[in-house]
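Heads up: the structure comes next, in structure tokens.
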Amino acid sequence: MKERIWVILAGVVVGVLAVLLVVFGNPANMGFCIACFLRDTAGALGLHKAEVVQYIRPEILGLVLGAFIMALARKEFAPRGGASPATRFVLGFCVMVGALMFLGCPLRMLLRIGGGDLNALVGLVGFIAGIGVGVFCLNKGFSLGRAYSLGKGEGLVAPAVNVGLLVLLCALPGLLIFSQSGPGSMRAPILMALAAGLIVGILAQRSRLCTVGGIRDVILFRDPHLLWGAVAIVVVAVIANLIAGFFNLGFEGQPVAHSDGLWNFLGMLLTGFGSVLLGGCPLRQLILSGEGNTDSFMAVCGLVIGAAFCHNFGLASSAEGPSANGPWAVIICLVVVAVIAAVNIRRGKAAA
């Protein structure tokens, strides 16, 4: 019961803070979005040239550093890695391709539902289907191998990178590229965004909040423990959006979203499938990075490079719908993820 309270509390806080961040400047239905914020951060560092999505998002930095602080406080900072890091990089890349087809990570999917965006319900169906495929692979013996204990220095890499980005943002912003229009120009004040990230990072580390884990555990073990966090996010976001006047029920005219049902479905199917193989959603990968997991840090690097690749090569969707080449990228990535699953199922069986 105590652990359930923690995961529900984390969901409530995420829902409230997400809407508050929108009130103070973030794009609508985007108080938190791991995919979008990593994409923006990649743009600020010059990894892509899409001028409307470039800004180092303090929320991302706060999430990792909050998890790091909480892990230290609970004596859970345990550097580890070596479980197929290159494969995790590729999976992270593919997960980002799916997320940018849908225009949001699983967390933003929940927040979009909480804002009345019915396109996100289509995405949710695809997300559940992708998790179901991933669970099938787990049941067949899929494994990326065993992680090993590493030196403290390895585990400190992800927190140190985020401290460095924070220094750049606050002390040397002239070295970065910031959007002057579009979603990248819409941002809450730095201190507020950083504080929100820290709070959520602390609570997500304590509660093990994971949008993929909740559905996966229901399918695998009939255990709804983590699912309560996702439910809390949606319920609180609905209430907060109604109070703030942001709630807009429907398919059309939704902020930073498109209404192509097929590719919303397939984009989130890819995201769900890849995230199960990674062992958690993009939010969970950030939190694990803060705990010293270098495999998760490699997955986050894959997400960042995937975002840059999508925008450099015109694969990301826009409010008008999928790009010309985006659907092909999703199909290719679905094949890649399926191959990774098949190869590692065979390896698991051989090892057994």
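The values are calculated or read from the model by the stated rules, or taken from the named source; none is laboratory data. All values reported here derive from a predicted model rather than from experimental measurement. Virtual Cβ from ideal backbone geometry, glycine too; neighbours counted across all protein chains shown. Accessible surface areas use protein heavy atoms only, side chains included; no ligands, DNA or RNA. Shrake-Rupley method; radii C 1.70, N 1.55, O 1.52, S 1.80 Å.
Each residue, ILE332 and LEU191, gets one label point 7 Å from its Cα in the Cβ direction; the gap between the two is 4.6 nm.
Given contacts defined as C-alpha pairs under 8 Å and at least six residues apart, what's the relative contact order of the range 1-138, whole-number percent?
24 percent
Mean silhouette area of the range 101-204, derived from the convex hull of its C-alpha atoms and averaged over all directions, reads 10.5 nm². The accessible-area ordering, largest first, of the residues HIS311, HIS48 stands as HIS311, HIS48, per a 1.4 angstrom probe. For the range 199-334, relative contact order (Cα pairs under 8 Å, six or more residues apart, normalised by length) works out to 24 percent.
Note the full-extension length gain between ALA86 and ASN248 as 0.36 nm times their separation in residues minus their Cα-Cα distance, in nm to one decimal. Don't skip to the end; give the middle numbers.
Details: separation 162, 0.36 × 162 = 58.32 nm, distance 4.14 nm.
Between ALA86 and ASN248, full extension yields an extra 54.2 nm.
Pair-distance distribution P(r) for the range 58-120, from all Cα-Cα distances in 5 Å bins starting at 0: 4, 14, 12, 15, 22, 17, 10, 5, 1 percent. For the range 198-281, with equal point scatterers placed on the C-alpha atoms only and solvent neglected, what are the log10 I(q)/I(0) values from the Debye formula at q = 0.16, 0.19, 0.27 1/Å, to two decimals? Taking Cα atoms of the range 198-281 as identical point scatterers yields -0.87, -1.11, -1.19. Dimensions of the range 118-267 based on its C-alpha atoms, expressed as ranges along the principal axes with the largest first, amount to 50, 50, 28 Å. Under DSSP H, which helices of the chain have Cα atoms covering 20 Å or more of the helix axis and a Kyte-Doolittle average no less than 1.0? Span-like helices here: 2-23, 58-73, 85-102, 119-139, 157-171, 190-207, 227-244, 261-278, 294-312, 326-351.
Roughly speaking, what is the centre-to-centre gap between the range 194-259 and the range 1-75 when only Cα atoms are used, to the nearest Å? The range 194-259 and the range 1-75 have Cα centres spaced 12 Å from each other.
By the Cα gyration tensor, the range 9-89 has an equivalent ellipsoid whose semi-axes, rounded to whole angstrom, run 25, 21, 11 from largest to smallest. With one equal scatterer per alpha carbon and no solvent term, the Debye-computed log10 I(q)/I(0) for the chain at 0.13 1/Å reads -0.94. Restricting the range 129-211 to trypsin sites (Lys or Arg not before Pro) that sit in a DSSP loop and have at most 14 other Cβ atoms within 10 Å of their own Cβ leaves LYS140, ARG146. Per-residue ellipticity at 222 nm computed for the chain from its helices equals -22000 deg cm²/dmol, with DSSP H segments shorter than 4 residues left out and the rest contributing -39,500 (n - 2.57).
Specify whether the C-alpha gyration tensor of the range 234-325 places it in the rounded, prolate or oblate class, a ≥ b ≥ c being the square roots of the eigenvalues: rounded for a/c under 1.5, otherwise prolate if a/b is larger than b/c and oblate if not. Note, shape of the range 234-325 comes out oblate.
Solvent-free Debye calculation, one equal scatterer per alpha-carbon of the range 1-151: log10 I(q)/I(0) at 0.15 Å⁻¹ equals -1.10.
For LYS49 and ILE5, what is the calculated FRET efficiency with R₀ set at 45 Å and r taken between the beta-carbons, to the nearest 0.05? Please list the in-between numbers first.
Details: r = 46 Å, r/R0 = 1.02.
Efficiency, from the Cβ-Cβ distance: 0.45.
Mean sequence separation of contacting Cα pairs (under 8 Å, at least six apart), scaled by the length of the chain, corresponds to a relative contact order of 37 percent. Ellipsoid semi-axes for the range 298-346, based on the Cα gyration tensor and the rule √(5λ), read 24, 15, 7 Å when sorted largest first.
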